[in-house]
Amino acid sequence: MLNKAPFTRASAALVTAGLGLSLLSAPVHAEKRTLVLSAYPISQPLFNKLVYAPFKEKCGCEIVVETGNNADRIAKLDARRNNPVVDLVLLSDFGMLEAARKGLVQPLDYSQLKNYSQIYPFARNPIGGNYAVGYTIYSVGLVYRSDKTAAPKSWKDLWNPELKGRIALPDVSTTQGPLALQMADLAWGGKGGDYAAGMQKILSIKNNVVTFTKNSAQLSSLFAQDEIWVAPVARFTWSQLMKTGMPLKWAIPAEGQAAGMNVMGIVAKSRNADLAYQLMDFWLSKDVQTALAMELVDSPVNTQVVLPKDKAEFNTYGGEHIASLKFVKPEDLLKHRSGWLEQWNKGISK
């Protein structure tokens, strides 16, 4: 017969300690991490389908999206700079440069992006200082009515007397405004980043212009109602213009096409920088870039993307298109933007 050891206080302590250890070793379901993204409001349902949902499944995290324009979202970042809410921010290249100058985003470690080597050189470190990476581009070419006028061979053709009262140009206050201003300046021999020659030439034909447009919807109406025959058009609106049923064609003038770029950056003091890098790399991958291009959401910067002809037509894509791109320098835009607006308002009101 075995002797039972007496159950002392020391024994009780050991039992309690053992119970505590067993509880600690039990599986614990950690709360999901949340990545906050600041983005443009356009096409968010498609971004959710093609980017956010598959990434959430991959990372086991949640994604919250704040939307708005450049200015409003930069203002929010600034207001919360000491206790940031946003982790990853998507802006225009000049918007990101403004944010970087205000200390709102942190330098990037590009070695954490496996797909970095696959993107176009102009999308790598596009604003300097290692603050950003480009994720999409768009061209601004000349769209024309092929039944009314010959294909424009130069941006100077907008000054052709035969097109008086048949052209539209973007207002300089819009995103496309400075891009069209750049191409006018280039066509007419401008020498500096202030685009003085382009401004003078555009203002000189203000009475030839049906309207200075503020959005792409205006262009669709103007072409559909047979009011205009030629206009600078951003590539991401090309598919909408084709729905007008008018005989429209896209021209790449001799001077090339204006180009814009949207970029990604990680907010300074982000608590989820690791997740931000993962989403950034996922976004730049061949598969995601292809999916976005196929749905006509964003033109790709990943050089491995291959598109069928019917989708390529509506993207900024392909050797000829890419070789023609002329990007406005973000630093020039930030430096001269207020001056352009002042000159424009004075010139238009005369």
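The values are calculated or read from the model by the stated rules, or taken from the named source; none is laboratory data. Computed from a predicted model, the values in this text were never measured in an experiment. Methodologically, a virtual Cβ is constructed for each residue, glycine included, from the backbone with ideal geometry; neighbour enumeration extends over all protein chains shown. Side chains included, ligands, DNA and RNA excluded: accessible areas come from the protein's heavy atoms. Shrake-Rupley method; radii C 1.70, N 1.55, O 1.52, S 1.80 Å.
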Calculated from the structure, mean projected area of the Cα convex hull in nm² equals which of (i) 34.9; (ii) 22.3; (iii) 25.5? (iii)
Looking only at the chain, where both bridge partners belong to it, what percent of the DSSP beta bridges are antiparallel (to the nearest 5)? 60 percent
Greater than 26 Å separation of Cα atoms is the criterion. Which listed pairs, Lys286/Lys311; Lys214/Lys335; Lys164/Lys311; Lys164/Lys346; Lys243/Lys311, meet it? Lys164/Lys311
Can you tell which of Ala196, Ala180, Ala231 shows the greatest fluctuation in a Gaussian network model of the chain with Cα springs below 10 Å? Ala196
Expected 222 nm ellipticity per residue - DSSP helices of 4 or more, -39500 (n - 2.57), all of the chain, to 500: -10500 deg cm²/dmol
Please report the carbon-and-sulfur percent of the accessible area for region 257-350; probe 1.4 Å, protein heavy atoms only, DNA, RNA and ligands left out. 50 percent
Percent antiparallel among DSSP beta bridges confined to region 130-280, nearest 5, equals 75 percent
Take the chain, connect every pair of alpha-carbon atoms lying under 10 Å apart with a spring to form a Gaussian network, then pick out the residue of Asn70, Asn208, Asn82 with the largest mean-square fluctuation. Asn82
Run down the lysines and flag those whose C-alpha is under 17 Å from the C-alpha of Lys269, throwing out any fewer than 8 positions away in its chain. Lys76, Lys102
Would you tell me the accessible area of Thr34, worked out with a 1.4 angstrom probe on the heavy atoms of the protein chains, in Å² to the nearest 10? 60 Å²
With the charge dipole of the chain built from beta-carbon charges (+1 for Lys and Arg, -1 for Asp and Glu) about the Cα centre, the Cα from Trp155, Gln200, Pro253 projecting farthest to the positive end belongs to Gln200
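Work the Kirkwood hydrodynamic radius out for region 179-255: mean of 1/r over every pair of different alpha-carbon atoms, inverted, in Å.
Details: mean 1/r = 0.0726 Å⁻¹.
About 13.8 Å, per the Kirkwood formula over Cα pairs.
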I'd like the carbon and sulfur percentage of the solvent accessible area for region 125-168, probe radius 1.4 Å, heavy atoms only, ligands and nucleic acids excluded. 41 percent
Ranking Ser349, Ser239 from most to least accessible area with a 1.4 Å probe gives Ser349, Ser239
Residue-normalised value, i.e. accessible area per residue, for region 146-252 at 1.4 Å probe, in Å², stands at 44 Å²
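Per the 1.4 Å probe, what fraction of the accessible area of region 32-89, in percent, lies on carbon and sulfur atoms?
Taking all protein chains in place, region 32-89 shows 54 percent carbon and sulfur surface.
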Separation of region 78-99 and region 172-230 by C-alpha centroid, Å? 30 Å
Which entries in Lys156/Lys309; Lys191/Lys329; Lys206/Lys326 show an alpha-carbon gap greater than 19 Å? Lys156/Lys309; Lys206/Lys326
Using a 1.4 Å probe, what is the accessible area per residue for region 61-126, in Å²? 46 Å²
Segment Lys49-Val65, length gained on full extension (0.36 nm per residue, minus Cα span): 4.4 nm
